[in-house]
1. Take the solvent-accessible surface of the protein heavy atoms, probe 1.4 Å, and return the percent of it on the stretch 249-389 that carbon and sulfur atoms account for.
2. Quick one: of the DSSP bridges fully inside the chain, what percent are antiparallel, nearest 5?
3. What is the magnitude of the charge dipole of the chain about its Cα centre, with +1 placed on the Cβ of each Lys and Arg, -1 on the Cβ of each Asp and Glu, and no other charges, expressed in debye to the nearest 20?
4. Under the Kirkwood approximation applied to all pairs of distinct alpha-carbon atoms, what is the hydrodynamic radius of the chain in Å?
5. Report the relative contact order of the stretch 231-309, percent, no decimals, based on alpha-carbon pairs under 8 angstrom and at least 6 residues apart.
6. Can you list the lysines whose alpha carbon is less than 16 Å from that of Lys257, not counting same-chain residues fewer than 8 positions off?
7. Excluding ligands and nucleic acids, what accessible area in Å² is computed for Arg297 using a 1.4 Å probe, to the nearest 10?
8. Just need the relative contact order of the stretch 44-282 here, percent rounded to a whole number, with Cα pairs under 8 Å and 6+ apart.
Amino acid sequence: MVISKRLAAIPDSYFGKTMGRKVEHGPLPLINMAVGIPDGETPEGIIEHFSEAIRIPENQKYGAFHGKESFKEAIVNFYQRQYNVTLDKEDEVCILYGTKNGLVALPTCVVNPGENVLLPDPGYTDYLAGVMLADANPVPLNLDPPDYLPNWDNVDKRVLDNTTLVYLTYPNNPTGSTATKEVFDEAIERFKGTNTKIVHDFAYSAFGFDAKNPSILASEHGKDVAIEIFSLSKGYNMSGFRVGFAVGNKDMIQALKKYQTHTNAGMFGALQDAATYALNHYDEFLEEQNETFKRRRDKFEAKLSEAHLPFVHSKGGIYSWLRTPPGYDSETFEQYLLKEKSILVAPGIPFGENGKHYVRISLALDDKWLEEAASRLIDLADMYKAKHS
């Protein structure tokens, strides 16, 4: 097999291995609760606009590498409208071909070999690959239940002094924890005037059940320290379109844009037009998405609470974070659920060591199947009565 030493050293992507694979399960109908995308369809107006945009001759040719003016203007207007954040469309906006591409590429753009990058534990699985591709040093940023927020005083000062980049993600994938403006204020204040920058993964921005999720860029001096990566996949049901963007600190944005001039030749114009239409016309749809998942969260957690199953209360996102029974780690419990209850979940361990005794459960199911899944899970209540090891 021909593969570079650097690539061989990187663990296989968990979701790259598992998405679309054939699953052997128990006798009941399979309930797939491992899927990390909302279950609804893309709004019809976006589809129609995309369909029309395909026929525009301009969109059938190479476009500007850094995107259409109309798309960048829509991003700027959206952030002003939603988060009261003012952006420069040329210096502080970078269009991304799916947010994962930006999250993985960023260390190569702004981190030197041997420098530290703090990764939330638990946190999204593929940050690690980006750090390793940059020959940088991944360091866990331990997040503890129930709130899973960073405590900077618990991070070794020697580690912080050699840290170039910190990843944050709120609402957190996988735990459903959220951050207040005060949390971001503290992070910005901590790293202002240092060599450390922050990237905030804002993929689940639309889903804030107790309060609207703040942008890290709304904090004072936020753009001096941070960029934020926004996805259209979750809020607009556009995961297959692979469209997102990074906004904020101009030096980081320019580094990302330079990288993309060497790795991409401009996003398909019709995709940009569809994304522009979404940002300009579907603010109310984002609110409906949030209400849908809040209602699902309330019903699902109420069932688990009645059975005294130990889970982390979700304040945002589209997941429930369930503790494993005594004697099980995340992978053995995942297999147990698949074989005995025909429920497919994501084990917690790919999200970091702090996920070793949890599984991630997606709420991206209609009411019927979500209720059926809850019923199957509460049948396991007796497994939790022994003291957890």
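The values are calculated or read from the model by the stated rules, or taken from the named source; none is laboratory data. What you see is a predicted model; the values in this text were computed from it and never measured. Don't worry about glycine lacking a Cβ; one is built from the backbone with ideal geometry, like all the others, and counts go over all protein chains shown. Note: accessible area is taken over every heavy atom of the protein model, side chains too, but ligands, DNA and RNA are not part of it. Shrake-Rupley method; radii C 1.70, N 1.55, O 1.52, S 1.80 Å.
1. On the way: 2950 of 6210 Å².
Carbon plus sulfur share of accessible area: 48 percent.
2. On the way: 19 of 40 bridges.
Once the DSSP bridges in the chain are tallied, antiparallel ones form about 50 percent.
3. Details: 41 positive and 53 negative charges, 179 e Å.
Using only the charged Cβ atoms, the result is roughly 860 debye.
4. Values: mean 1/r = 0.0460 Å⁻¹.
Evaluated over the chain, this radius sits at 21.7 Å.
5. 28
6. Lys68, Lys72, Lys89, Lys100
7. 10
8. Working: 438 pairs, mean separation 69.8, N = 239.
RCO, the stretch 44-282: 29 percent.
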